[in-house]
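S.K.: Just passing along the structure, written as structure tokens.
Any read-out appearing in this document is the output of simple, stated calculations on the displayed coordinates, not a laboratory observation. A quick note: this is a predicted structure, and the numbers were derived from the prediction, not measured. Counting neighbours? That spans all protein chains shown, and the Cβs are built from the backbone with ideal geometry, glycine included.
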Amino acid sequence: MRILITSGPTRQYLDPVRFISNASSGIMGRELAQAALDAGHEVVVVSGPVKVNYPPAVRVIDVETTEQMLEACLVEFPLCDGLIGAAAPCDYRPIEIANHKIRKTGQPLSLVLVETDDIVATLGQQKRTDQWTVGFALETEDAHFRAVTKLQKKMCDIVAINSPQAIDSDENTISVVNSAGDVVLEISGTKCAVAKSLLGYITSHLIKRP
């Protein structure tokens, strides 16, 4: 199997030096990549800016913006059997990017933001019947309801729910929701252990499904 994994944050620039981003570290993506390698799969990681080192056997495509991540995934996904969307791409971008550094004026600064294209949803719409997609949903409220909504909109096979406590941490707790909206797996522990358990479920229910 050839698995595509998205990992880390993206950046959306306001001017040449300032950007909108988040604190995603890429640790979960790294551990998923290692778990997939350990299971005998070929792995391609499309990663935003992170400090972690991915396993040497992984092919890494470095990107910065959500648009670049989507562009890279559109090239790679048709060549893969499945996707694990563990990245935390920016959901919004400024409608305009200043050509020069924005200077202080002593006055409030207003930003107009528009939504970026949803990477997992775009790939979900294009996936073949022999491909599978796994999404991640980081939620702060109504987690199960929002995860099921995302699963349906993004056409995922399963979604892993986690919380902000997972950001830049070596620990994680996830609940895996299937296409019927049922919680089929709950895992808590190091991200290494969580990744192995999630890969085990993917192997049993998506890769080896009838």
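S.K.: As a footprinting exposure proxy, order M69, M1 by other Cβ within 10 Å, with the fewest listed first.
M.R.: Values: M69 28, M1 16.
The order, fewest Cβ neighbours first, is M1, M69.
S.K.: Okay, moving on. Could you please rank V50, V112, placing first whichever residue has the fewest other Cβ atoms within 10 Å of its Cβ?
M.R.: On the way: V50 19, V112 8.
Ordered from fewest to most neighbouring Cβ atoms within 10 Å, V50, V112 come out as V112, V50.
S.K.: I would also like to ask the following. For S21, what charge total do you get from the other residues with a beta carbon under 13 Å from its beta carbon, if Lys and Arg give +1 and Asp and Glu give -1? Before the final figure, lay out each step's value.
M.R.: Values: positive: R11, R18, R93; negative: E64, D91, D168.
Once positives and negatives cancel, what remains is 0.
S.K.: Same structure, new question: Could you give the size of the charge dipole of the range 1-92 about its Cα centre, using +1 on the Cβ of each K and R and -1 on the Cβ of each D and E, expressed in debye and rounded to the nearest 20? Present the calculation step by step, with values, prior to reporting the outcome.
M.R.: On the way: 6 positive and 11 negative charges, 46 e Å.
Here the size comes out at about 220 debye.
S.K.: Which number gives the lysine pairs in the chain that have C-alpha atoms under 18 Å apart and are eight or more places apart or on different chains?
M.R.: Numbers: K51/K191; K127/K150; K127/K153; K127/K154; K127/K208; K196/K208.
The number of close lysine pairs in the chain is 6.
S.K.: Report the antiparallel proportion of the DSSP beta bridges in the chain as a percent, rounded to a multiple of 5.
M.R.: On the way: 16 of 40 bridges.
Here the antiparallel bridges make up roughly 40 percent for the chain.
S.K.: Tell me which of V17, M1, I95 sits at the most positive position along the dipole axis of the range 1-120, charges placed on C-beta atoms (Lys, Arg +1; Asp, Glu -1).
M.R.: V17
S.K.: Right, something else. Calculated from DSSP H runs of 4 or more alone, at -39500 (n - 2.57) each and per residue, what is the 222 nm mean residue ellipticity of the chain, nearest 500?
M.R.: Numbers: 5 runs with 55 residues, N = 210.
Roughly -8000 deg cm²/dmol at 222 nm, from the helical runs in the chain.
S.K.: What dipole magnitude, in Debye to the nearest 20, does the chain give about its Cα centre under +1 on Lys/Arg Cβ and -1 on Asp/Glu Cβ? Please report the intermediate quantities before stating the final value.
M.R.: On the way: 20 positive and 25 negative charges, 53 e Å.
Here the size comes out at about 260 debye.
S.K.: Shifting gears a bit: Quick one: among P94, P49, P108, which has the greatest mean-square fluctuation in a GNM of the chain with alpha-carbon springs under 10 angstrom?
M.R.: Among P94, P49, P108, the largest GNM mean-square fluctuation belongs to P108.
S.K.: Please report I20, I95, I5 as a ranked list, fewest other C-beta atoms within 10 angstrom at the top and most at the bottom.
M.R.: Values: I20 17, I95 9, I5 27.
Final ranking by Cβ density, sparse to dense: I95, I20, I5.
S.K.: Now, a different point. With a sphere of radius 13 Å drawn around the Cβ of D170, what net charge do the other residues whose Cβ falls strictly inside it have (Lys, Arg +1; Asp, Glu -1)? Could the numbers behind the result be given before it?
M.R.: Details: positive: R30, K191; negative: E31, D168, E171.
Computed value for this residue: -1.
S.K.: Once you list every other residue whose beta carbon is under 11 Å from the beta carbon of S7, what net charge do they have if Lys and Arg are +1 and Asp and Glu are -1?
M.R.: Details: positive: R30; negative: E31, D62.
Within the 11 Å Cβ shell, the charges total -1.
S.K.: On to the next question. Relative to the compact globular guide of 2.2 N^0.38 Å, what is the alpha carbon radius of gyration of the chain, as a ratio? Write down the numbers at each step before the final one.
M.R.: Details: Rg = 17.3 Å, N = 210, 2.2 N^0.38 = 16.8 Å.
Taking N as the residue count of the chain, the ratio is 1.03.
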